[in-house]
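The values are calculated or read from the model by the stated rules, or taken from the named source; none is laboratory data. Just so it is clear, the structure is predicted and the values come from calculations on it, not from any experiment. Heads up, the Cβs are rebuilt from the backbone with ideal geometry, glycines too, and the neighbour counts pull from every protein chain shown. Just the protein is used for accessible areas: all its heavy atoms, side chains included, with ligands, DNA and RNA removed. Shrake-Rupley method; radii C 1.70, N 1.55, O 1.52, S 1.80 Å.
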Amino acid sequence: MKEQKINILLAIILVILMIIAITIVIINPNKSAKTLENIPKIEEDTNYIEEKYVIHKEEKNISMQDGGVFCKIENQIVFYEEKNKTIYLYSINENKINKIATIDNELNKMYFDGENIYYIPDYYSEKGIYKIDLKGNISKICEEASLQLMLTDNEIYFVKQIGYDDFNKNPQGTICCMDKDGNNIVDIVENVKNNFFIENNKIYYTTQDRKMCMINKDGTNQINILQGRKFIIDVTDKYLLYVDYSNQEAIHIIDFKTNEDIIISYYGELKICQGRTYLNARKRLDDGSIEINYTLFEILYDGTWKELGKIQNFESDIKYILNGKVYMHNQQEGIYTLNLENNQKENNEAYKQCKYFLDGYGYKIDDANLEDIHIEIVQLS
(Lines give C-alpha, C1' and ligand atoms only; values in the text may rest on other atoms or scores of the structure.)
Protein backbone atom coordinates (compact mmCIF):
# COMPACT_ATOMS: atom_id res chain seq x y z
CA MET A 1 0.00 0.00 0.00
CA LYS A 2 2.83 2.37 0.92
CA GLU A 3 4.59 1.67 -2.39
CA GLN A 4 1.32 2.35 -4.29
CA LYS A 5 0.97 5.75 -2.55
CA ILE A 6 4.55 6.63 -3.49
CA ASN A 7 3.88 5.75 -7.14
CA ILE A 8 0.73 7.88 -7.16
CA LEU A 9 2.64 10.78 -5.60
CA LEU A 10 5.41 10.49 -8.20
CA ALA A 11 2.83 10.43 -11.00
CA ILE A 12 1.20 13.61 -9.66
CA ILE A 13 4.60 15.34 -9.43
CA LEU A 14 5.39 14.30 -13.02
CA VAL A 15 2.09 15.74 -14.28
CA ILE A 16 2.73 19.03 -12.43
CA LEU A 17 6.22 19.29 -13.94
CA MET A 18 4.82 18.68 -17.43
CA ILE A 19 2.19 21.40 -16.94
CA ILE A 20 4.89 23.85 -15.75
CA ALA A 21 7.08 23.06 -18.79
CA ILE A 22 4.19 23.57 -21.21
CA THR A 23 3.27 26.86 -19.49
CA ILE A 24 6.83 28.17 -19.78
CA VAL A 25 6.88 27.44 -23.52
CA ILE A 26 3.55 29.19 -24.03
CA ILE A 27 4.41 32.24 -21.93
CA ASN A 28 7.98 32.59 -23.14
CA PRO A 29 8.27 31.35 -26.73
CA ASN A 30 11.78 32.84 -26.95
CA LYS A 31 12.99 29.74 -25.14
CA SER A 32 11.47 27.32 -27.62
CA ALA A 33 12.46 26.48 -31.17
CA LYS A 34 10.96 24.68 -34.09
CA THR A 35 12.90 22.93 -36.81
CA LEU A 36 11.93 23.65 -40.40
CA GLU A 37 11.73 20.57 -42.60
CA ASN A 38 11.23 22.10 -46.04
CA ILE A 39 14.60 23.79 -46.60
CA PRO A 40 17.87 21.93 -47.15
CA LYS A 41 20.48 22.17 -44.41
CA ILE A 42 23.58 24.12 -45.39
CA GLU A 43 26.78 22.43 -44.29
CA GLU A 44 29.36 24.59 -42.56
CA ASP A 45 32.30 25.69 -44.68
CA THR A 46 35.35 24.85 -42.57
CA ASN A 47 37.53 27.06 -44.77
CA TYR A 48 35.33 30.07 -44.16
CA ILE A 49 36.94 32.91 -42.20
CA GLU A 50 35.05 35.59 -40.28
CA GLU A 51 37.08 38.34 -41.98
CA LYS A 52 34.62 38.11 -44.88
CA TYR A 53 32.41 40.48 -42.90
CA VAL A 54 35.00 42.88 -41.51
CA ILE A 55 35.64 46.58 -41.94
CA HIS A 56 36.58 46.99 -45.58
CA LYS A 57 33.44 45.18 -46.75
CA GLU A 58 31.09 47.59 -44.98
CA GLU A 59 31.47 50.41 -47.47
CA LYS A 60 30.98 48.04 -50.41
CA ASN A 61 27.80 46.55 -48.95
CA ILE A 62 26.27 49.94 -48.17
CA SER A 63 27.27 51.59 -51.45
CA MET A 64 26.35 48.70 -53.74
CA GLN A 65 23.35 47.21 -51.94
CA ASP A 66 21.65 49.53 -49.45
CA GLY A 67 20.85 52.57 -51.55
CA GLY A 68 21.09 56.02 -49.98
CA VAL A 69 22.47 59.50 -50.61
CA PHE A 70 26.01 58.84 -49.31
CA CYS A 71 28.29 56.19 -50.81
CA LYS A 72 32.00 55.45 -50.41
CA ILE A 73 34.34 53.06 -52.15
CA GLU A 74 37.96 53.25 -51.00
CA ASN A 75 39.09 56.89 -51.43
CA GLN A 76 36.03 58.14 -53.34
CA ILE A 77 32.88 59.50 -51.73
CA VAL A 78 29.71 60.19 -53.70
CA PHE A 79 26.89 62.20 -52.09
CA TYR A 80 23.64 63.82 -53.16
CA GLU A 81 22.40 67.31 -52.24
CA GLU A 82 18.62 67.50 -52.30
CA LYS A 83 18.63 71.31 -52.28
CA ASN A 84 20.04 71.56 -55.80
CA LYS A 85 19.45 67.96 -56.98
CA THR A 86 23.17 67.56 -57.57
CA ILE A 87 25.52 64.58 -57.12
CA TYR A 88 29.06 65.35 -55.96
CA LEU A 89 32.29 63.36 -55.94
CA TYR A 90 34.85 63.89 -53.18
CA SER A 91 38.38 62.55 -53.60
CA ILE A 92 39.85 61.88 -50.17
CA ASN A 93 43.42 61.72 -51.52
CA GLU A 94 43.12 65.08 -53.28
CA ASN A 95 40.76 66.66 -50.72
CA LYS A 96 38.73 67.91 -53.67
CA ILE A 97 34.98 68.05 -54.38
CA ASN A 98 33.60 68.04 -57.93
CA LYS A 99 30.04 68.36 -59.20
CA ILE A 100 29.25 65.20 -61.12
CA ALA A 101 25.73 65.82 -62.36
CA THR A 102 22.51 67.70 -61.68
CA ILE A 103 19.44 65.54 -62.24
CA ASP A 104 15.99 66.60 -63.44
CA ASN A 105 13.86 64.96 -60.76
CA GLU A 106 14.10 63.98 -57.10
CA LEU A 107 16.47 61.12 -56.33
CA ASN A 108 15.09 58.17 -54.39
CA LYS A 109 18.14 55.89 -53.99
CA MET A 110 21.74 55.99 -55.19
CA TYR A 111 24.34 53.23 -55.56
CA PHE A 112 28.07 53.33 -56.33
CA ASP A 113 30.55 50.61 -57.35
CA GLY A 114 33.69 52.75 -57.54
CA GLU A 115 33.40 53.31 -61.30
CA ASN A 116 29.81 54.39 -61.94
CA ILE A 117 26.86 55.82 -60.04
CA TYR A 118 23.41 54.28 -60.45
CA TYR A 119 20.25 55.94 -59.22
CA ILE A 120 16.49 55.57 -59.26
CA PRO A 121 14.31 58.70 -59.21
CA ASP A 122 11.33 59.33 -56.98
CA TYR A 123 8.53 57.01 -58.08
CA TYR A 124 6.04 59.80 -58.82
CA SER A 125 8.63 61.98 -60.59
CA GLU A 126 9.92 59.61 -63.22
CA LYS A 127 10.34 55.91 -63.97
CA GLY A 128 13.64 54.28 -64.86
CA ILE A 129 17.16 53.40 -63.75
CA TYR A 130 20.05 55.77 -64.54
CA LYS A 131 23.80 55.37 -64.81
CA ILE A 132 26.33 58.22 -64.38
CA ASP A 133 30.05 57.85 -65.01
CA LEU A 134 32.53 59.86 -62.97
CA LYS A 135 32.83 62.43 -65.77
CA GLY A 136 29.15 63.26 -65.37
CA ASN A 137 27.72 61.52 -68.45
CA ILE A 138 24.15 60.39 -67.72
CA SER A 139 22.40 57.53 -69.50
CA LYS A 140 19.04 55.90 -68.85
CA ILE A 141 19.79 52.17 -68.85
CA CYS A 142 16.31 50.87 -68.01
CA GLU A 143 12.80 52.20 -68.56
CA GLU A 144 11.27 50.19 -65.73
CA ALA A 145 10.36 51.73 -62.38
CA SER A 146 12.22 50.22 -59.45
CA LEU A 147 12.52 50.70 -55.69
CA GLN A 148 15.50 48.40 -55.05
CA LEU A 149 18.77 47.73 -56.82
CA MET A 150 21.59 45.43 -55.83
CA LEU A 151 24.93 45.79 -57.62
CA THR A 152 27.41 42.97 -58.06
CA ASP A 153 30.75 43.20 -59.85
CA ASN A 154 29.17 42.50 -63.25
CA GLU A 155 25.37 42.74 -62.90
CA ILE A 156 22.46 44.69 -61.48
CA TYR A 157 19.60 42.92 -59.72
CA PHE A 158 16.45 44.97 -59.34
CA VAL A 159 12.71 44.84 -58.78
CA LYS A 160 10.62 45.76 -61.80
CA GLN A 161 8.01 47.69 -59.86
CA ILE A 162 4.29 46.96 -60.34
CA GLY A 163 2.12 49.53 -58.60
CA TYR A 164 3.11 51.42 -55.48
CA ASP A 165 2.23 51.12 -51.81
CA ASP A 166 2.23 54.69 -50.45
CA PHE A 167 2.22 53.50 -46.83
CA ASN A 168 4.99 50.87 -46.85
CA LYS A 169 6.88 52.18 -49.91
CA ASN A 170 8.36 48.73 -50.45
CA PRO A 171 9.49 46.99 -53.65
CA GLN A 172 6.86 44.82 -55.28
CA GLY A 173 6.86 43.20 -58.69
CA THR A 174 9.41 41.03 -60.52
CA ILE A 175 13.05 40.48 -59.54
CA CYS A 176 15.21 40.92 -62.64
CA CYS A 177 18.86 40.89 -63.60
CA MET A 178 20.68 42.91 -66.28
CA ASP A 179 24.17 43.87 -67.37
CA LYS A 180 25.54 47.11 -65.97
CA ASP A 181 24.86 48.89 -69.25
CA GLY A 182 21.18 47.86 -69.11
CA ASN A 183 21.33 45.06 -71.68
CA ASN A 184 20.20 41.44 -71.37
CA ILE A 185 17.36 41.97 -68.91
CA VAL A 186 16.18 38.63 -67.50
CA ASP A 187 13.11 38.06 -65.31
CA ILE A 188 14.00 35.79 -62.39
CA VAL A 189 10.87 35.53 -60.25
CA GLU A 190 7.50 37.29 -60.27
CA ASN A 191 5.02 38.26 -57.57
CA VAL A 192 7.60 39.59 -55.10
CA LYS A 193 6.78 41.89 -52.19
CA ASN A 194 9.33 43.75 -50.04
CA ASN A 195 13.13 43.75 -50.22
CA PHE A 196 15.12 40.80 -51.52
CA PHE A 197 18.53 39.56 -50.39
CA ILE A 198 21.27 37.63 -52.20
CA GLU A 199 23.58 35.18 -50.40
CA ASN A 200 25.52 32.16 -51.67
CA ASN A 201 24.02 32.45 -55.18
CA LYS A 202 20.49 32.33 -53.80
CA ILE A 203 17.85 35.07 -53.64
CA TYR A 204 15.67 35.32 -50.53
CA TYR A 205 12.34 37.14 -50.75
CA THR A 206 8.66 37.21 -49.76
CA THR A 207 5.83 36.86 -52.29
CA GLN A 208 2.63 38.84 -52.66
CA ASP A 209 0.68 35.81 -51.41
CA ARG A 210 2.75 35.71 -48.20
CA LYS A 211 5.29 33.00 -48.84
CA MET A 212 8.88 33.45 -47.70
CA CYS A 213 11.05 31.79 -50.33
CA MET A 214 14.51 31.24 -51.68
CA ILE A 215 15.48 30.60 -55.29
CA ASN A 216 18.68 30.18 -57.28
CA LYS A 217 19.95 33.34 -58.98
CA ASP A 218 19.11 31.81 -62.36
CA GLY A 219 15.45 31.38 -61.34
CA THR A 220 15.55 27.63 -60.71
CA ASN A 221 14.72 25.54 -57.65
CA GLN A 222 12.30 27.79 -55.78
CA ILE A 223 11.77 26.61 -52.19
CA ASN A 224 9.05 27.86 -49.84
CA ILE A 225 10.55 28.48 -46.41
CA LEU A 226 7.54 29.74 -44.45
CA GLN A 227 4.00 31.03 -44.94
CA GLY A 228 2.54 34.21 -43.45
CA ARG A 229 3.19 37.92 -42.98
CA LYS A 230 6.92 37.31 -42.66
CA PHE A 231 9.54 39.59 -44.20
CA ILE A 232 13.28 38.98 -44.37
CA ILE A 233 15.55 41.63 -42.82
CA ASP A 234 19.00 40.02 -43.18
CA VAL A 235 20.72 36.93 -44.54
CA THR A 236 24.25 35.58 -44.12
CA ASP A 237 25.69 32.20 -45.04
CA LYS A 238 24.95 31.07 -41.46
CA TYR A 239 21.45 32.34 -40.73
CA LEU A 240 18.37 34.27 -41.86
CA LEU A 241 16.60 36.97 -39.82
CA TYR A 242 12.95 37.80 -40.42
CA VAL A 243 10.12 39.71 -38.78
CA ASP A 244 6.67 38.16 -38.29
CA TYR A 245 4.06 40.92 -38.49
CA SER A 246 1.30 38.53 -37.47
CA ASN A 247 2.93 37.97 -34.04
CA GLN A 248 3.78 41.35 -32.48
CA GLU A 249 6.59 41.89 -34.99
CA ALA A 250 8.57 39.01 -33.52
CA ILE A 251 12.16 38.82 -34.79
CA HIS A 252 13.11 35.26 -35.72
CA ILE A 253 16.41 33.67 -36.64
CA ILE A 254 16.71 30.54 -38.78
CA ASP A 255 19.98 28.64 -38.31
CA PHE A 256 20.96 27.24 -41.73
CA LYS A 257 22.97 24.40 -40.20
CA THR A 258 20.19 23.03 -37.98
CA ASN A 259 17.14 24.73 -39.63
CA GLU A 260 15.92 25.74 -36.17
CA ASP A 261 13.60 28.76 -36.10
CA ILE A 262 13.87 30.74 -32.83
CA ILE A 263 12.35 34.03 -31.64
CA ILE A 264 14.92 36.53 -30.37
CA SER A 265 12.75 39.53 -29.47
CA TYR A 266 10.00 41.90 -30.69
CA TYR A 267 9.59 45.27 -32.47
CA GLY A 268 13.23 45.46 -33.51
CA GLU A 269 15.55 47.64 -35.56
CA LEU A 270 18.54 46.09 -37.33
CA LYS A 271 21.92 47.81 -37.70
CA ILE A 272 25.02 46.39 -39.37
CA CYS A 273 28.28 48.16 -38.49
CA GLN A 274 31.78 47.00 -39.43
CA GLY A 275 30.55 43.52 -40.23
CA ARG A 276 28.74 43.12 -36.90
CA THR A 277 24.96 42.70 -36.81
CA TYR A 278 23.01 44.42 -34.05
CA LEU A 279 19.35 44.22 -33.13
CA ASN A 280 17.71 46.82 -30.89
CA ALA A 281 14.46 45.23 -29.76
CA ARG A 282 12.11 44.45 -26.88
CA LYS A 283 12.36 41.21 -24.91
CA ARG A 284 9.46 39.03 -23.80
CA LEU A 285 9.54 38.66 -20.03
CA ASP A 286 8.88 35.49 -18.06
CA ASP A 287 5.33 36.63 -17.24
CA GLY A 288 4.50 36.81 -20.96
CA SER A 289 4.55 40.61 -21.30
CA ILE A 290 6.88 42.50 -23.65
CA GLU A 291 9.40 44.79 -22.01
CA ILE A 292 8.90 48.51 -22.65
CA ASN A 293 12.59 49.36 -22.85
CA TYR A 294 14.77 48.16 -25.70
CA THR A 295 17.70 45.77 -25.39
CA LEU A 296 20.62 45.90 -27.79
CA PHE A 297 21.64 42.44 -29.01
CA GLU A 298 24.62 41.45 -31.10
CA ILE A 299 23.91 38.62 -33.52
CA LEU A 300 27.14 36.65 -33.60
CA TYR A 301 28.79 35.11 -36.62
CA ASP A 302 27.57 31.59 -35.78
CA GLY A 303 23.91 32.66 -35.41
CA THR A 304 23.87 32.89 -31.62
CA TRP A 305 23.42 36.23 -29.86
CA LYS A 306 24.30 38.15 -26.73
CA GLU A 307 22.83 41.13 -24.88
CA LEU A 308 24.93 44.31 -24.85
CA GLY A 309 22.78 46.65 -22.78
CA LYS A 310 19.64 48.76 -22.64
CA ILE A 311 18.76 51.51 -25.13
CA GLN A 312 16.09 53.57 -23.36
CA ASN A 313 15.81 56.82 -25.32
CA PHE A 314 12.83 56.53 -27.69
CA GLU A 315 13.36 60.00 -29.18
CA SER A 316 16.79 59.21 -30.65
CA ASP A 317 17.88 57.21 -33.68
CA ILE A 318 20.78 54.78 -33.67
CA LYS A 319 23.30 55.86 -36.30
CA TYR A 320 26.27 53.61 -35.59
CA ILE A 321 27.72 51.15 -33.07
CA LEU A 322 31.44 50.77 -32.42
CA ASN A 323 33.72 49.68 -29.58
CA GLY A 324 30.99 49.47 -26.96
CA LYS A 325 29.48 52.83 -27.86
CA VAL A 326 26.18 53.57 -29.59
CA TYR A 327 26.16 56.76 -31.67
CA MET A 328 22.69 58.26 -31.43
CA HIS A 329 21.00 61.33 -32.88
CA ASN A 330 18.11 63.59 -32.00
CA GLN A 331 17.09 67.03 -33.21
CA GLN A 332 17.93 68.83 -29.98
CA GLU A 333 21.41 67.44 -29.28
CA GLY A 334 22.73 66.21 -32.60
CA ILE A 335 25.03 63.20 -32.19
CA TYR A 336 25.84 61.81 -28.76
CA THR A 337 27.08 58.43 -27.56
CA LEU A 338 25.77 55.88 -25.10
CA ASN A 339 28.46 53.86 -23.33
CA LEU A 340 27.18 50.28 -23.09
CA GLU A 341 29.57 49.42 -20.27
CA ASN A 342 28.02 51.83 -17.78
CA ASN A 343 24.90 52.91 -19.71
CA GLN A 344 26.06 56.53 -19.43
CA LYS A 345 25.36 59.21 -22.01
CA GLU A 346 28.45 61.01 -23.31
CA ASN A 347 28.71 64.17 -25.39
CA ASN A 348 31.65 64.86 -27.67
CA GLU A 349 31.73 68.01 -29.78
CA ALA A 350 33.83 66.24 -32.41
CA TYR A 351 30.86 64.04 -33.37
CA LYS A 352 28.01 66.56 -33.02
CA GLN A 353 27.65 67.48 -36.68
CA CYS A 354 28.47 64.09 -38.21
CA LYS A 355 25.86 63.32 -40.83
CA TYR A 356 26.99 59.87 -41.94
CA PHE A 357 28.93 56.98 -40.37
CA LEU A 358 30.97 54.34 -42.17
CA ASP A 359 34.07 52.21 -41.62
CA GLY A 360 34.69 53.54 -38.11
CA TYR A 361 34.50 57.19 -39.15
CA GLY A 362 31.98 59.99 -38.95
CA TYR A 363 31.51 62.32 -41.90
CA LYS A 364 30.55 66.00 -41.60
CA ILE A 365 29.33 67.81 -44.70
CA ASP A 366 29.15 71.60 -44.50
CA ASP A 367 26.75 72.45 -47.32
CA ALA A 368 25.63 75.89 -46.17
CA ASN A 369 27.24 77.23 -49.34
CA LEU A 370 26.61 74.80 -52.19
CA GLU A 371 29.36 76.44 -54.22
CA ASP A 372 31.92 75.76 -51.50
CA ILE A 373 31.09 72.48 -49.76
CA HIS A 374 33.48 71.12 -47.14
CA ILE A 375 33.85 67.57 -45.80
CA GLU A 376 35.47 66.66 -42.50
CA ILE A 377 36.23 63.04 -41.61
CA VAL A 378 36.34 62.21 -37.88
CA GLN A 379 37.79 58.96 -36.56
CA LEU A 380 35.52 57.39 -33.95
CA SER A 381 37.01 56.29 -30.65
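What share of Cα pairs, in percent, lie more than 31 angstrom apart in the chain?
Details: 32416 of 72390 pairs.
Within the chain, distances greater than 31 Å cover 45 percent of Cα pairs.
For LYS325, which aspartates and glutamates qualify as cross-link partners when the Cα separation must be under 19 Å and same-chain residues fewer than eight apart are set aside?
GLU58, GLU269, GLU298, GLU307, GLU315, ASP317, GLU333, GLU341, GLU346, GLU349, ASP359
Distance between the C-alpha centers of the stretch 189-233 and the stretch 270-324? Whole Å please.
When both Cα centres are located, 26 Å separates them.
Mind checking which aspartates and glutamates have their C-alpha under 13 Å from LYS257, skipping anything on the same chain fewer than 8 residues away?
Counting by Cα, and skipping residues close in sequence, LYS257 has these aspartates and glutamates nearby: GLU37, GLU43, GLU44, ASP45, ASP237, ASP302.
Let me know the charge dipole size of the stretch 281-373 about its Cα centre in debye, to the nearest 20, where only the beta-carbon of Lys, Arg (+1) and Asp, Glu (-1) is charged.
On the way: 11 positive and 17 negative charges, 57 e Å.
Result for the stretch 281-373 is approximately 280 debye, rounded to the nearest 20.
Based on Cβ point charges of +1 for Lys and Arg and -1 for Asp and Glu, what charge dipole magnitude is obtained for the stretch 324-379 about its Cα centre, in debye rounded to the nearest 20? Don't skip to the answer; put the middle values down first.
Working: 5 positive and 10 negative charges, 60 e Å.
With only Lys, Arg, Asp and Glu charged at Cβ, the dipole is about 280 debye.
What is the angle, in °, between the Cα long axis of helix 2-27 and the longest principal axis of the Cα atoms in the chain? Nearest 10 is fine, range 0 to 90.
Tilt of helix 2-27: around 20 degrees.
Report, ordered by chain and residue number, the lysines lying within cross-link reach of LYS57, taken as a straight Cα distance under 19 Å and ignoring same-chain residues fewer than 8 apart.
LYS72, LYS238, LYS271, LYS319
Would you mind working out the accessible area per residue for the chain, using a 1.4 Å probe, and quoting it in Å²? Working shown, then result.
Working: 19690 Å² over 381 residues.
Accessible surface, normalised per residue, equals 52 Å².
Using all alpha carbons of the stretch 227-381, what is the percent of pairwise distances in each 10 Å bin, ordered from the shortest bin to the longest?
P(r) for the stretch 227-381, in whole percents per bin: 10, 34, 32, 17, 6, 1.
So what's the Cα pair-distance distribution over the stretch 158-281, bin width 5 Å, in %?
For the stretch 158-281, the pair-distance distribution reads 2, 10, 19, 23, 20, 15, 8, 2, 1.
Which value, in Å³ per residue, describes the convex hull spanned by the Cα atoms of the stretch 82-154? Numbers along the way, then the final one.
Details: hull volume 7.1 nm³, N = 73.
In the stretch 82-154, the Cα convex hull volume per residue is 97 Å³.
Keeping every protein chain in place, order ILE162, ILE198 by accessible area at 1.4 Å, biggest value first, i.e. largest first.
Values: ILE162 110, ILE198 40 Å².
Order by accessible area, largest first: ILE162, ILE198.
Can you give me the % of accessible surface on the stretch 125-219 that is carbon or sulfur? Probe 1.4 Å, all protein chains present, nothing else counted. If you can, show how the numbers build up before the last one.
Values: 1740 of 4240 Å².
About 41 percent, which is the carbon plus sulfur part of the accessible surface.
Using the structure shown, list the pairs from LYS60/LYS83; LYS211/LYS283; LYS127/LYS202; LYS211/LYS364; LYS99/LYS193 with a Cα-Cα distance above 31 Å, or answer none. Before the final figure, lay out the partial values.
Values: LYS60/LYS83 26 Å; LYS211/LYS283 26 Å; LYS127/LYS202 28 Å; LYS211/LYS364 42 Å; LYS99/LYS193 36 Å.
Over 31 Å Cα-Cα: LYS211/LYS364; LYS99/LYS193.
Calculate what fraction, in whole %, of the accessible area of the stretch 225-306 sits on carbon and sulfur atoms when a 1.4 Å probe is rolled over the protein chains.
Values: 1400 of 3100 Å².
Whole-percent figure for carbon plus sulfur exposure: 45.
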